[in-house]
Amino acid sequence: MERKRVVVTGYSAITPLANSASESWEALLAGKSGIAPITLFDTTGFDATIAGEVKDFNAETFGVPAKQLKRMDRFTQLGVAAALELMKQSGLVINDENAYRVGTILGVGLGGLHTIEVFHTKLMESGPSRVSPFMIPMLISNMAPGHISIFTGCKGPNMVLTSACASATHAIGHAFSELLLGRCDAMITGGVEATITPMGISGFTALKALCTTHNDDPAHASRPFDKTRSGFIMGEGTGMLLLETLDSALRRGATIYAEVVGFGASADAYHMTAPEESGEGMAMAMRNALDDAGVAPEAVGHINAHGTSTQLNDLCETRALKKVFGKHAYDLAITANKSQIGHLLGAAGGVQAVFSVLSLHTGMFPGTINLTHPDPECDLNYMADGPKLLNPEFILSNSFGFGGTNGSVLFKKYDA
């Protein structure tokens, strides 16, 4: 039986660069940085005081009532706002006939960390009677897709995948699988995260994962593949796609932005936080995505790299790319979006997916900023000279996470 084709018919994003996908895209191509001093809490005494915050965000402007906002953690507010924008942008209308054929699968890494902190403080200072009955529904990760279902009316599969910084990429992969299997006609997918909180920043600082050397120069702090890189910058936000079977998209005359053709995942089985140093686990996820699509490595022209700006991750990803692509690795155009928006943890792969789709659709491919002192061991083309007009047929987007979890999604330029 011929395999179904799955296409992208909508996208939305709220990022440290801007509160819409189109404005984020323009800022990305302009080489702007979304990294700035943290304003969401007092950073006195913290070693890391900068992050990629979503600025001037108000979910009411996206159509979320103020009363409902009081019962949502920030990550859920971001997710619902992006989903409502996604539905408008895609033109998909949910009704009684299609509601059970449209689902939501999102990636969330940590969930309602802000809510946990707020109510833990109330518990310790004022006792258990001051804990809100909304605490649990606010903090659990699946409340993002849950509220999206309520607001949009889609009644298909509704769930969250949590696999650290690979969460959103894995969610996209599983949404893709639901469509291939014929269980749904369309899926809202991607990721959302909002963990720029005292616990979030202090926890990653304690792991020696965050950059603490550029607090006075935030725009140049995230430096993927640069030999002076010293850790990642925390980011927050959301990136979502509407995936749809080609048949469904054509029936409703939807605009098609790209095609999803392959998904791969793997495990390092090595360490809680560090990637396996040869890059073999990362490489296997990429190979699996290519094999899933039946695409040769030489056909891929662009990589949207995980590129966190940590010493070991960037080196291991470079090694993995060489394992998969051989000599062709040196011909690849490679982008590290995190140089401009920081690391959005569970949402990172969702934002990367949106930018990958926009690259295929527009032909413009963003560069990697702050790569001024190339690491001799990271010797591929990371597009340090800025955005380019290119014409690759395939883009591979990578995400890797704590626990040694790896994911890759392969996008294709749409050809009717």
Beyond a 20 Å Cα-Cα separation, which of these cross-linked pairs lie in this structure: 70/122; 32/412; 67/155; 32/388; 55/338?
32/412; 67/155
Distance-filtered residues of segment 313-339 - backbone nitrogen under 19 Å, label point 7 angstrom along residue 273 Cα→Cβ:
313-317
When you count, for each residue, the other Cβ atoms within 10 Å and take the mean per peptide, how do 394-407, 90-103, 275-288 rank with the highest first?
394-407, 275-288, 90-103
For every other residue with a beta carbon closer than 14 angstrom to the beta carbon of residue 118, add +1 if it is Lys or Arg and -1 if Asp or Glu, then tell me the sum.
+2
State the answer as a single residue: which of 51, 209, 381 lies farthest towards the positive end of the charge dipole of the chain, with beta carbon charges of +1 for Lys and Arg and -1 for Asp and Glu, about the Cα centre.
51
To the nearest 20 Debye, how big is the dipole of segment 1-157 about its Cα centre, given +1 on the beta carbon of each Lys and Arg and -1 on that of each Asp and Glu?
480 debye
Provide the per-residue ³J(HN,Hα) series for segment 399-416, in order, calculated from phi with Karplus coefficients 6.51, -1.76, 1.60 and θ = phi - 60°, each as a whole number of Hz, with x at glycine and proline positions.
9, 9, x, 3, x, x, 9, 10, x, 9, 10, 9, 9, 10, 4, 6, 10, 4
In debye to the nearest 20, how big a dipole does segment 263-412 give about its Cα centre with +1 on each Lys and Arg Cβ and -1 on each Asp and Glu Cβ?
300 debye
Taking a ≥ b ≥ c as the square roots of the eigenvalues of the Cα gyration tensor of segment 263-412, is the shape rounded (a/c under 1.5), prolate (a/b larger than b/c) or oblate?
rounded
Residues whose modelled amide H sits under 5 Å from the amide H of residue 262, counting only those 5 or more places away in sequence or on another chain, are 410
Which of the three applies to segment 1-104, rounded, prolate or oblate, going by the alpha-carbon gyration tensor with a ≥ b ≥ c and a/c under 1.5 meaning rounded?
prolate
Taking the Cα centre of each part, how many Å lie between segment 28-43 and segment 148-209?
23 Å
Gain in span if fully extended, residue 56 to residue 389, counting 0.36 nm per residue against the direct Cα distance:
116.7 nm
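All of the numbers you see were taken from the coordinates with simple rules; none came from a lab. Predicted model, so just to flag it, every value in this text is computed and none were measured. Cβ coordinates were reconstructed from backbone atoms using ideal geometry, including for glycine residues, and neighbour counts include every protein chain displayed.
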